[in-house]
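Quick notes on the structure that follows.
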Amino acid sequence: MGVFKDAGHLFRFLAIFVFLFIAFWVIRGFVVPKSFGKYGHYRAASIDEIAAHPLHFAGHEACETCHVDVANVKKDGKHAHVNCEACHGALQKHAEDPASLTPTKPDTATLCVRCHEYSAARPKNFPQVHAAEHSTGLPCETCHQPHSPAMTSGGAK
Amino acid sequence: MKITRRQMLVLLPAAAIAWEHVMAGTPEAAPNYTMSEHWWSMLIDIPKCIGCGNCVRACKEENDVPDGFFRTWVERYHVEDEDMTNPTVISPDGGKEGFPPVEKEDEGKYFFVPKLCNHCADSPCTQVCPVGATFVTPDGVVLVDQKYCLGCAYCVQACPYGCRYIHPQKEVADKCTLCYHRITKGLTTACCEACPTGARQLVDLKNPNDPIHEFLRTHAVQILKPQMATGAKVYYNGLDGSVR
C-alpha cells in the first residue's frame, strides 16, 4: 500500500471528477427530452405532435360514404376527378357531425370562372370561356349541372 | 479524502440509474402507421396546372397559415422567345385568388408553377439548425419542432427554394409539413385534395403500387435546382428550363 502514500490529492481530484460526471448525466437526464435522439438529432415526440394536428379537409372518401347519389352523378362526368372539397371547401366538421355544420352552396358566379375563365396562361386543352360573352350573364347552372357539367342536349362537352 | 469501497458502491448504482434515465425513450404513438414503410414526396404535373389557387387556399385553411405567408404558392411564368433565361414571374398573394389576365398574349409562353417545400433528403435547412429543431423524419418529411425552435431563421436563409418563414405570432420557423397529420392517417394532403385537375399528387416512393414509378419511367421529370444536391423530392413533369 506504500504506492498510495501521499496520493490523497489525486483521489480528491478523481472524486471531484466523478461527482461532476454524475451530476452532468443526472442534469442531462432531466433537461434533455426523453425522445431526443431516438431517430436522429431531434425530439422524436414532435413527430407525433405534428401528426396530431386537427383535420379540416375530410377527403372525398368521407363525403362519398353518405352522398352516394352525388358520387354516382359525378363519376361519369367531366368533373369525376374534381374532389368534393375543391369546390365546397373544407368540411371535416360536417363529416364528423353532419348536423353541426350545414355547408353553404357555392356561388357558381364566382366558383366556375375561377377555373374556366379564359386565360392565355392556362393549358390550351383545358375548357375555358370568356364568361361575359359565353353566358350573357346567366348563371352557369342554367345550362351546366356542376357535378356533371356537359350539356344534356348534346351541346358543349 | 479517500473513496471507500462503501462510497464506490453508492456512486456506481447512482450513475447507472442516471444513465438509464437518459437512455429511456418514449414509445411510438402511432399504432397503424409505420414510418419505415413510407418515403413521401409529391408530383407536380405542370401541363395540368390551371393557376386557380385552390391549393394555396386549401393549405391556408388546413394549416392556419398566416396572411401574407405561404407553405405553398403558385407562380406564373412568362418566357419570351428571344430571352429564355429571363422569365417574368408573378405570384400575386401567392396565387391565392388566381391571376390577372395576361398582358401580351401573343408574345412568348405562359405557364404556372406550383411550389412548396421539396422535402429534400439531404436538406440544407436541417443541417444548419443549431438546436435540432428541424429534421427529416424516417418517412422523408422535413418538419419543424416548434417547441424546440428558437426562431433564429438560419433555416429560412439556408433553404434554396424559399419555402420557410418565421411565423409572425409564434416567432418560430414554419413550413409545409406535407400535411403530415393527414398522410399518416391515410389521407392525401389538403393541396392535393383541393386540386381540381390532378396537377398535384402525393407520392409514396416506398409503395411499389404507387403509379409514380410508372410515371417516372415514362416521363421527362425534373426537380428544382438539382445542381444544389439537396435531394429534392418534389418532381416536376413538363418543367420549363427557365424555371428557377
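Can you tell me the Rg and Dmax of the protein assembly as shown, counting just the alpha carbons, in angstroms?
Both quantities, over Cα of the protein assembly as shown: 27.8, 112 Å.
Send over the per residue convex hull volume for segment A:60-142, Cα only, as a whole number of Å³. Don't skip to the answer; put the middle values down first.
Values: hull volume 9.8 nm³, N = 83.
Dividing the Cα hull volume of segment A:60-142 by its residue count gives 119 Å³.
Sorted by accessible area with a 1.4 angstrom probe, largest first, how do A:Lys34, B:Lys206 fall? Could the numbers behind the result be given before it?
Numbers: A:Lys34 75, B:Lys206 100 Å².
Descending accessible area places them as B:Lys206, A:Lys34.
Pick from A:His41, A:His134, A:His56: which residue has the top mean-square fluctuation in a GNM of chain A where Cα pairs under 10 Å get a spring?
Result: A:His41 has the largest fluctuation of those listed.
If segment B:37-237 were replaced by its equivalent ellipsoid, with semi-axes equal to the square roots of 5 times the Cα gyration tensor eigenvalues, what would those be, largest first, whole Å? Working shown, then result.
Working: eigenvalues 140, 87, 58 Å².
Over the Cα atoms of segment B:37-237, the ellipsoid semi-axes are 27, 21, 17 Å.
Less than 19 Å apart at the alpha-carbon level, and either on another chain or at least 8 residues along: which lysines does that give for A:Lys38?
Partners found: B:Lys147.
Rounding to the nearest 10 and keeping the result within 0 to 90°, find how far the Cα-based axis of helix B:54-63 lies from the longest principal axis of chain B.
Result, in degrees: 20.
What ³J(HN,Hα) values, in whole Hz, does the Karplus curve 6.51 cos²θ - 1.76 cosθ + 1.60 give for segment B:144-158 when θ = phi - 60°, with x put for Gly and Pro?
10, 7, 6, 7, 9, 5, 9, x, 6, 6, 4, 5, 4, 6, 6
Expressed as a rounded percentage, what relative contact order does segment B:63-196 have, with Cα pairs under 8 Å and six or more residues apart?
Numbers: 204 pairs, mean separation 26.6, N = 134.
Relative CO of segment B:63-196 lands at 20 percent.
What are the ³J(HN,Hα) couplings of segment B:188-203, residue after residue, when phi is run through the Karplus curve with 6.51, -1.76, 1.60 and θ = phi - 60°? Round to Hz, x for glycine and proline.
Taking θ as phi minus 60°, the curve returns 8, 5, 4, 5, 5, 4, 8, 5, x, 10, x, 6, 10, 9, 5, 10 Hz for segment B:188-203.
Within a Cβ distance under 13 Å of B:Lys109, other residues only, what is the Lys/Arg minus Asp/Glu net charge? Can you show the working numbers first?
On the way: positive: A:Arg122, A:Lys124, B:Arg76, B:Lys104; negative: B:Glu80, B:Asp81, B:Glu82, B:Asp83, B:Glu105, B:Asp106, B:Glu107, B:Asp240.
With Lys, Arg at +1 and Asp, Glu at -1, the neighbours total -4.
Who wins for biggest fluctuation among A:Ala52, A:Ala121, A:Ala86 in a Gaussian network model of chain A, springs between alpha carbons below 10 Å?
For chain A, modelled as a Gaussian network with Cα springs under 10 Å, the answer is A:Ala121.
Compute the acute angle (0 to 90°) between the alpha-carbon long axis of helix B:5-23 and the principal axis of greatest extent of the alpha-carbon atoms of chain B; round to the nearest 10°.
For B:5-23 against chain B, the angle is about 20 degrees.
Mean separation of Cα pairs under 8 Å and 6+ residues apart, divided by the residue count of segment A:60-142: what relative contact order is that in percent?
19
Using θ = phi - 60° and the Karplus curve 6.51 cos²θ - 1.76 cosθ + 1.60, what whole-Hz ³J(HN,Hα) does each residue of segment B:175-184 get, with Gly and Pro shown as x?
Working through the residues one at a time gives 6, 4, 9, 6, 6, 4, 5, 9, 5, 6 Hz.
Taking K and R as +1 and D and E as -1, what net charge do the other residues with C-beta under 10 Å from the C-beta of A:Ala51 add up to? Kindly include the intermediate steps, with their values, before the conclusion.
On the way: positive: B:Arg182, B:Lys185; negative: A:Asp48, A:Glu49.
Once all neighbours under 10 Å are counted, the net charge is 0.
With springs connecting C-alpha atoms under 10 Å apart, model chain B as a Gaussian network and identify which of B:Glu107, B:Glu171, B:Glu75 has the largest mean-square fluctuation.
B:Glu107
Find the relative contact order for chain B and round it to a whole percent, using C-alpha pairs within less than 8 Å whose residues are 6+ positions apart.
Once divided by the residue count of chain B, the mean separation gives 26 percent.
How big is the Kirkwood radius of chain A, worked out from every pair of different alpha carbons and given in Å to one decimal?
22.2
The values are calculated or read from the model by the stated rules, or taken from the named source; none is laboratory data. Just so we're clear, the structure is a prediction, and the values are computed from it rather than from any experiment. Backbone-built Cβ (ideal geometry, glycine too); neighbour counts: all protein chains shown. These area figures cover heavy atoms from the full protein model, side chains too; ligands, DNA and RNA do not enter into them. Shrake-Rupley method; radii C 1.70, N 1.55, O 1.52, S 1.80 Å.
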